[in-house]
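Okay, structure first, notes after.
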């Protein structure tokens, strides 16, 4: 068996997803090719197709893989929260573009691609619902504990999510909003939604 053949046998689905996720940030969802992933791993394109069937399935699963990692971090961060406000701060810190903003570049790519690709649209909808559910759970728990005053948590979460999405695009694409402004404006908006002091979530 050749070295390339041995490598093909060793490569598992998880490795392909991880390599694809890394490439998606560098190349983008619409431009990536199966050949790019195969070259990155030193395997044949046929092995990638064997595991995922089509390029659309590969891209959709890699996108889900990337966001699932973010959601796992979110779950861990909220679990470490000491009180409702602390849990909320942790969610907001992870939800918006932070660090290299790789996750958010993927979200923005996915929004554009989802208009034409039903596979991506389906995954994007499912993952967006999970993000919103995580935020809603934190808000509802805070209301139950008496830390937040909010008559309609679901509506508040929808407004906050839309604000975060829009400001994240302005920050990463248009570069018209700084990350400091994004954090300040989102914190102020969330505080108003939940009956808190404007600077309590900074």
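Of the residues screened, residue 187 is one that is under 20 Å from the mean Cα position of the chain (by Cα), assigned to a helix (DSSP H, G or I) and at pLDDT below 95.
Screening residue 162 on (1) assigned to a helix (DSSP H, G or I); (2) surrounded by fewer than 20 Cβ atoms within 10 Å (Cβ to Cβ); (3) without any contact (Cβ under 8 Å) to a residue 60 or more places away in the chain; (4) more than 16 Å from the chain's Cα centre (by Cα) shows it passes everything except condition (4).
Residues checked against (1) surrounded by fewer than 20 Cβ atoms within 10 Å (Cβ to Cβ); (2) farther than 23 Å from residue 83 by Cβ; (3) touching a helix residue (DSSP H, G or I) at 6+ places or on another chain (Cβ under 9 Å):
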site: 141; (1), (2), (3): yes, no, yes
site: 172; (1), (2), (3): yes, yes, yes
site: 179; (1), (2), (3): yes, yes, yes
site: 191; (1), (2), (3): yes, no, no
site: 202; (1), (2), (3): yes, no, yes
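Among the residues of the stretch 12-43, those that are touching a helix residue (DSSP H, G or I) at 6+ places or on another chain (Cβ under 9 Å), part of a loop (DSSP other than H, G, I, E, B) and surrounded by fewer than 18 Cβ atoms within 10 Å (Cβ to Cβ) comprise 12, 28, 30, 33, 42. Applying the set (1) surrounded by 12 or more Cβ atoms within 10 Å (Cβ to Cβ); (2) at pLDDT 90 or above; (3) in contact with a helix residue (DSSP H, G or I) (Cβ under 6 Å, 6 or more places away or on another chain) to residue 145 leaves exactly one unmet item: (1). For residue 141, the conditions (1) closer than 27 Å to residue 59 by Cα; (2) assigned to a helix (DSSP H, G or I) all hold with the exception of (1). Taking every residue in the stretch 35-47 that is touching a residue at least 24 places away in the same chain (Cβ under 8 Å) and pairing it with any residue that is surrounded by 15 or more Cβ atoms within 10 Å (Cβ to Cβ) and outside any helix (DSSP H, G or I), at least 6 positions away or on another chain, the pairs with Cβ-Cβ distances below 9 Å are 41/11; 42/11; 43/11; 47/11.
Looking at the stretch 72-92, can you tell me whether even one residue there is more than 16 Å from residue 161 (Cβ to Cβ), touching a residue at least 24 places away in the same chain (Cβ under 8 Å) and within 15 Å of the chain's Cα centre (by Cα)? Scanning the stretch 72-92, I find at least one residue that is more than 16 Å from residue 161 (Cβ to Cβ), touching a residue at least 24 places away in the same chain (Cβ under 8 Å) and within 15 Å of the chain's Cα centre (by Cα), so the answer is yes.
Residues that are under 20 Å from residue 183 (Cα atoms), at pLDDT below 90 and surrounded by fewer than 18 Cβ atoms within 10 Å (Cβ to Cβ) within the stretch 73-88 comprise 73, 77, 81, listed in sequence order.
Considering (1) surrounded by 17 or more Cβ atoms within 10 Å (Cβ to Cβ); (2) without any contact (Cβ under 8 Å) to a residue 12 or more places away in the chain, the lone condition that residue 133 does not fulfil carries the number (1). Taking the conditions (1) in a helix (DSSP H, G or I); (2) under 25 Å from residue 31 (Cβ atoms) in turn, residue 116 satisfies each one other than (1).
The values are calculated or read from the model by the stated rules, or taken from the named source; none is laboratory data. Predicted model, so just to flag it, every value in this text is computed and none were measured. We place every Cβ from the backbone using ideal geometry, glycine too, and count neighbours over all the protein chains shown.
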